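Colleague: Sharing a structure below in C-alpha cells format, with a few things to ask.
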Amino acid sequence: MKRRTHMALASALLAGAAAGAAQAADPAAAQAIVASTCAACHGPDGNSPVPNFPRLAGLDAGYLLKQLEDFRAKRRASEIMAPMAENLSPDDMAGLAAYFAGQKPAAAAPREPALVEAGKKLYEDGNSNTGVPACYGCHGSDGAGSGRFPRLAAQHPDYLIDQLKRFATAQRKNDKRLMQAVAARMTEAEMLAVVEYLAAQP
Ligand code: HEC
Ligand code: HEC
C-alpha cells in the first residue's frame, strides 16, 4: 500500500518533469526513474527485498555513481545492469546516486547466527596464515564504509557472496585489483562467515 502511494506520487512527479518543470538532475526526476525502473528490483527506498538484488540505501553517492558509470562502460559486467545504465544520462546517474545515498538503510538479520563470531574475527583481523587482509582497514568499523570503500553493513549475504566469488575469479574487475587480491585468498567458509557478520551489522 505504502509503495503504491509512493509510485502514484512519483508518476505525478514524472508528469511534472515531462512538462519541463524539472531539470534532469532534479531530485524529482531521479525519484521518477526510481519509481518507473529501479524500484522493481532495488525497492522504492533502495532496501531491496530480493536476496540477489543489492541494497542501495545509504551507500556512498560517489561509489554508486562509479558503479553506474562502470556498468555503462562495461568495466563492471552485468547483463541486467548494463542496459539500465545505458538508458541514463550523466545527470540521471548523479541524481539517482544522491537519491539512494540519502535513503535510510533498513536493518538486516543474519541467517546463520553461529557464523557471526568467526565472521567478525575475519572482518577485524583478516587471516595472517593465508594473507587475507582485515576488511576493517578499508571498509571501516562494522562495515560502515566510506568513500570508494562501499558500505557492506546489512547488505544481502547472497549478493555479497556472489560479488566475492566474482572478484576471486576476476569476473568483477572494476576495483583496481584491491578486492580481487582479497577475495582470491578467501576460502568458501570465510566468505560465508564474513557475510553473516555483515548482515548482523546495523
Ligand atoms: C531487473 C532488476 C534490476 C533493475 C530494474 C535495476 N537493477 Fe540495479 N542491480 C541489479 C542486479 C542484479 C545488480 C547486481 C549486478 C551484478 O554485479 O551482478 C544490480 C546492481 C546495482 C548497483 C551496484 C550496487 C553495489 O552495491 O555495487 C547499482 C548502483 C544499481 N544496481 C543501480 C540501479 C539503478 C539506479 C536502477 C534504476 C535505473 C537499477 N539499478 C535497476 C538489478 C536491477
Ligand atoms: C585494500 C582495501 C580493501 C580491503 C582490505 C577489502 N576491500 Fe572490499 N572493496 C574495496 C574496494 C575499493 C571496493 C569497491 C570496488 C569498486 O569500486 O567497485 C570493495 C568492494 C567490496 C565488495 C562489493 C560490495 C558491493 O556493494 O558490490 C565486497 C562484497 C567486499 N568489498 C568485501 C570485502 C571483504 C569481505 C573484505 C575482507 C575479507 C574486504 N572487502 C577487504 C577495497 C577493499
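The values are calculated or read from the model by the stated rules, or taken from the named source; none is laboratory data. It should be emphasised that the depicted structure is a prediction, and the values quoted were computed from it without experimental measurement. Here the Cβ is made from the backbone with ideal geometry for all residues, glycine too, and neighbour counts use every protein chain on show. Side chains are part of the model used for accessible areas, which takes the heavy atoms of the whole protein and leaves out ligands, DNA and RNA. Shrake-Rupley method; radii C 1.70, N 1.55, O 1.52, S 1.80 Å.
Colleague: From G16, G20, grab the single residue that is exposed (fewer than 15 other Cβ atoms within 10 Å of the Cβ), more than 27 Å from K173 (Cα to Cα) and modelled with pLDDT under 95. Explain how you work it out, then say what you get.
Modeller: Numbers: G16 fails: exposed (fewer than 15 other Cβ atoms within 10 Å of the Cβ).
None of the others qualify; the one that does is G20.
Colleague: Also, I was wondering about something else. Go through segment 103-115 residue by residue and tally those that are part of a helix (DSSP H, G or I) and in contact (Cβ under 8 Å) with a residue 60 or more places away in the chain. Break it down into steps so the answer makes sense when it comes.
Modeller: We begin by selecting, within segment 103-115, every residue part of a helix (DSSP H, G or I); these are 113-115.
Filter once more, keeping what is in contact (Cβ under 8 Å) with a residue 60 or more places away in the chain: 113, 115.
Looking only at that region, the number is 2.
Colleague: Quickly run through segment 147-184 and pick out the residues that are of a type in the set (K, R), closer than 14 Å to V195 by Cα and more than 9 Å from ligand 2 (Cβ to nearest atom). Break it down into steps so the answer makes sense when it comes.
Modeller: Let us first name the residues in segment 147-184 that are of a type in the set (K, R), namely 148, 151, 165-166, 172-173, 176-177.
Keeping just the survivors that are closer than 14 Å to V195 by Cα gives 151, 165.
K165, the sole residue that qualifies.
Colleague: Does G119 qualify as being within 19 Å of the chain's Cα centre (by Cα), open to solvent by less than 40 Å² (accessible area, probe 1.4 Å), among the small types (G, A, S) and outside the structural domain of A57 (by TED's automatic domain parsing)? Give the derivation first.
Modeller: On the way: within 19 Å of the chain's Cα centre (by Cα): no; open to solvent by less than 40 Å² (accessible area, probe 1.4 Å): yes; among the small types (G, A, S): yes; outside the structural domain of A57 (by TED's automatic domain parsing): yes.
Considered against the rule, which asks whether it is within 19 Å of the chain's Cα centre (by Cα), open to solvent by less than 40 Å² (accessible area, probe 1.4 Å), among the small types (G, A, S) and outside the structural domain of A57 (by TED's automatic domain parsing), G119 comes out as no.
Colleague: For G143, only one of the following conditions fails: (1) in contact with a Lys or Arg (Cβ under 8 Å, 6 or more places away or on another chain); (2) open to solvent by 70 Å² or more (accessible area, probe 1.4 Å); (3) under 20 Å from N52 (Cα atoms). What is its number?
Modeller: All conditions are met except number (2).
Let's see how each residue does on (1) touching a Cys at 6+ places or on another chain (Cβ under 9 Å); (2) closer than 24 Å to A184 by Cβ; (3) of a type in the set (F, W, Y):
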position: A77; (1), (2), (3): no, yes, no
position: F100; (1), (2), (3): yes, no, yes
position: K104; (1), (2), (3): no, no, no
position: V132; (1), (2), (3): no, yes, no
position: D142; (1), (2), (3): no, no, no
position: F149; (1), (2), (3): yes, yes, yes
position: A153; (1), (2), (3): no, yes, no
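Colleague: Taking interchain pairs and intrachain pairs at least six residues apart, which have beta carbon atoms under 9 angstrom, with the first residue in segment 125-150 and part of a helix (DSSP H, G or I) and the second hydroxyl-bearing (S, T, Y) and surrounded by 16 or more Cβ atoms within 10 Å (Cβ to Cβ)?
Modeller: These pairs meet every condition: D125/Y136; Y136/Y123; H139/Y123; D142/Y123; D142/Y136; G143/Y123; G143/Y136; G143/Y197.
Colleague: While we're looking at this one, here's another question. State yes or no: is Q163 open to solvent by less than 20 Å² (accessible area, probe 1.4 Å), in a helix (DSSP H, G or I) and either of a type in the set (K, R) or modelled with pLDDT of 95 or more (or both)?
Modeller: Numbers: open to solvent by less than 20 Å² (accessible area, probe 1.4 Å): yes; in a helix (DSSP H, G or I): yes; either of a type in the set (K, R) or modelled with pLDDT of 95 or more (or both): yes.
Taking the combined requirement at face value, the residue satisfies it.
Colleague: Now for a different question. Does segment 182-195 contain any residue that is modelled with pLDDT of 95 or more, under 14 Å from K120 (Cα atoms) and within 16 Å of the chain's Cα centre (by Cα)? Break it down into steps so the answer makes sense when it comes.
Modeller: Filtering segment 182-195 down to residues modelled with pLDDT of 95 or more leaves 182-195.
If we keep only those that are under 14 Å from K120 (Cα atoms) too, we end up with 189-195.
Retained after the next criterion (residues that are within 16 Å of the chain's Cα centre (by Cα)): 195.
Scanning segment 182-195, I find at least one residue that is modelled with pLDDT of 95 or more, under 14 Å from K120 (Cα atoms) and within 16 Å of the chain's Cα centre (by Cα), so the answer is yes.
Colleague: Is there any pair with a first residue in segment 34-48 that is among the polar types (S, T, N, Q) and modelled with pLDDT under 95 and a second that is open to solvent by 40 Å² or more (accessible area, probe 1.4 Å) and within 7 Å of ligand 1 (Cβ to nearest atom) whose Cβ atoms are under 8 Å apart and which are 6 or more apart or on different chains, and what are they?
Modeller: Cβ pairs passing all conditions: none.
Colleague: Considering only segment 171-182, state which residues are open to solvent by less than 40 Å² (accessible area, probe 1.4 Å) and farther than 14 Å from P150 by Cβ.
Modeller: Listed by number, the list holds a single entry, Q180.
Colleague: Right, another one. Say whether the condition of being open to solvent by 70 Å² or more (accessible area, probe 1.4 Å) and either touching a Pro at 6+ places or on another chain (Cβ under 6 Å) or not acidic (D, E) (or both) is met by at least one residue in segment 94-105.
Modeller: Of all residues in segment 94-105, those open to solvent by 70 Å² or more (accessible area, probe 1.4 Å) come to 104.
Of the ones still in play, those that are also either touching a Pro at 6+ places or on another chain (Cβ under 6 Å) or not acidic (D, E) (or both) are 104.
The answer is yes; a qualifying residue exists.
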